[in-house]
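Please read the structure below before turning to the comments.
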Amino acid sequence: MQQGYYSTAWSDIKNSPGWFAKVCLLGLINFIPVFGSMVCYGYSYGWARDIAWNVHQPMPARLLGNEDGKLYSRGFFALVIFFVASIVSVIPGIIIGDSAFSSLVVSLLSLFLCMFAAIGVMRMAIYGRISAGFQVKKMWSMMTHDFNGLLRILGMVILAGLVIGFAFGIGFALLAVLFVVFCMLAVGGDISMYLFYDSSSFDPSVIGAFAPAAIICLVLVLVLAYITSCASCWLNLLQARAMGYWTRQFDVASWRGQNDPMPFEAEDAAATAAAAAANAAAIAAAGAAAEKQPPSEEDPIKPVPATSAAPAVDPSTQLVADEPYEAPASGETPATDPVQPAEAPLCPKCGQLNNPGSKFCVACGSKLAD
């Protein structure tokens with residue numbers, strides 16, 4: 001981002017040989033409808049295109065030289081782009097209606113679209129095609145890349161425009177006063193009787209007395225309009241040159257097709273891809289380190305599937321069931337002597353404890369000792 005866009009642009013203008021005469025001639029050409037605006041835009045943004053390419057040279061010697069063959073087409077395309085921007089700026093006012101809020105919206109939108117369209121005109125001047133001036137996505141990308149620089153240029157445009165408008169208003173008011181004074185001198189003092197008159201008593205011959213004053217004021221109005229036109233052309237040159245310096249920061253010499261990424265877009269995309277790759281590598285490294293680290297005491301313990309420790313049973317061994325319990329016969333009374341509990345036999349082969357009175361081991365089927 002360059003500092004002092006306007007100061008540098010103004011220095012380029014005043015250091016150009018015969019700059020004042022060129023501005024005066026541009027102001028005169030600007031009186032021609034459509035054609036004058038085409039020449040002014042074509043000349044200004046052709047010079048701005050040169051500095052965007054980092055080509056330092058004074059203002060072109062001839063206003064209608066058309067050395068590159070693009071003067072009139074460039075001026076016409078610029079006129080179309082600015083015209084479309086002005087049409088779009090008034091649409092919200094038509095939708096909202098006539099109110100103070102709609103006027104504010106239209107004013108702010110006009111200022112924004114003025115600079116947005118200037119970016120489009122610069123792209124159009126560089127590529128030589130009007131389609132490049134309507135690439136909204138590219139223009140928005142450039143605007144957001146250095147919005148502060150555009151705000152400085154916009155602020156200077158507003159300030160210079162207010163100064164020119166204020167000077168024109170003061171000049172027009174002075175001309176109105178001079179017209180009244182000339183009329184008073186022409187008719188000998190009081191002109192109220194001619195301004196507020198009764199048609200039945202009005203003398204048509206008095207019109208001739210106002211003719212000299214009207215002619216003088218008309219000439220002065222034309223002079224004032226010409227001065228204003230010259231000031232507008234000067235401001236257009238200043239703005240276009242400043243936009244050229246603003247565009248130069250995007251390395252125009254490295255641009256390819258109008259649809260290709262600009263250098264800063266390619267750099268941003270590469271930086272984003274590199275950051276994403278570095279982030280993915282960091283995540284992978286952290287995962288690998290976590291896998292190599294031994295589990296701590298706080299790590300959850302994974303369940304171990306239970307395995308049977310019982311020995312395999314030989315299918316050839318026949319298991320014999322325990323003898324059934326014989327109930328006492330009817331009428332008999334069981335002995336009341338206390339019965340000592342039998343000991344649980346221990347399998348001599350597998351060491352399994354079995355129920356008292358069992359003859360075969362329930363685990364391996366081996367015969368138990370009597």
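The values are calculated or read from the model by the stated rules, or taken from the named source; none is laboratory data. The structure displayed is predicted, hence computed values, not measured ones. In this analysis, Cβ positions are derived from the backbone assuming ideal geometry, glycine residues included, and neighbour counts consider all displayed protein chains. The accessibility values were calculated without ligands, DNA or RNA, using every heavy atom of the protein model including side chains. Shrake-Rupley method; radii C 1.70, N 1.55, O 1.52, S 1.80 Å.
Key figures for this structure:
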| read-out | value |
| --- | --- |
| Among the residues listed as 165, 133, the single one being open to solvent by less than 60 Å² (accessible area, probe 1.4 Å), free of Cβ contacts under 8 Å to residues at least 60 places away in the same chain, closer than 11 Å to residue 81 by Cα and in a helix (DSSP H, G or I) | 133 |
| Count - residues of the range 44-76 that are open to solvent by less than 20 Å² (accessible area, probe 1.4 Å) and at pLDDT 90 or above | 11 |
| Test: residue in the range 77-86 that is modelled with pLDDT under 90 and either over 23 Å from residue 131 (Cβ atoms) or open to solvent by 20 Å² or more (accessible area, probe 1.4 Å) (or both) | yes |
| Test for residue 278: is it out of contact with any helix residue (DSSP H, G or I) (no Cβ under 9 Å at 6 or more places or on another chain) and open to solvent by 20 Å² or more (accessible area, probe 1.4 Å) | yes |
| Where residue 331 falls short, out of the listed (1) at negative phi; (2) open to solvent by less than 100 Å² (accessible area, probe 1.4 Å); (3) at pLDDT below 80; (4) out of contact with any Cys (no Cβ under 7 Å at 6 or more places or on another chain) | (1) |
| Residue selected from the range 256-270 under the condition without any contact (Cβ under 8 Å) to a residue 24 or more places away in the chain and aliphatic (A, V, I, L, M), by the criterion nearest to residue 129 (Cα to Cα) | 266 |
| Cross-chain or 6+ apart pairs with Cβ under 9 Å, the range 229-245 first and under 15 Å from residue 158 (Cβ atoms) and at pLDDT 95 or above, then in a helix (DSSP H, G or I) and open to solvent by less than 20 Å² (accessible area, probe 1.4 Å) | none |
| Selection status of residue 141, hydroxyl-bearing (Ser, Thr, Tyr), within 21 Å of residue 83 (Cβ to Cβ) and in a helix (DSSP H, G or I) | no |
| Which listed residue is under 20 Å from residue 229 (Cα atoms) and within 32 Å of the chain's Cα centre (by Cα), from 174, 159 | 159 |
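To keep it simple, each residue is scored yes or no on (1) in contact (Cβ under 8 Å) with a residue 24 or more places away in the chain; (2) charged (D, E, K, R); (3) open to solvent by 70 Å² or more (accessible area, probe 1.4 Å).
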{"residue": "12", "(1), (2), (3)": "yes, yes, no"}
{"residue": "20", "(1), (2), (3)": "no, no, yes"}
{"residue": "92", "(1), (2), (3)": "no, no, no"}
{"residue": "111", "(1), (2), (3)": "yes, no, no"}
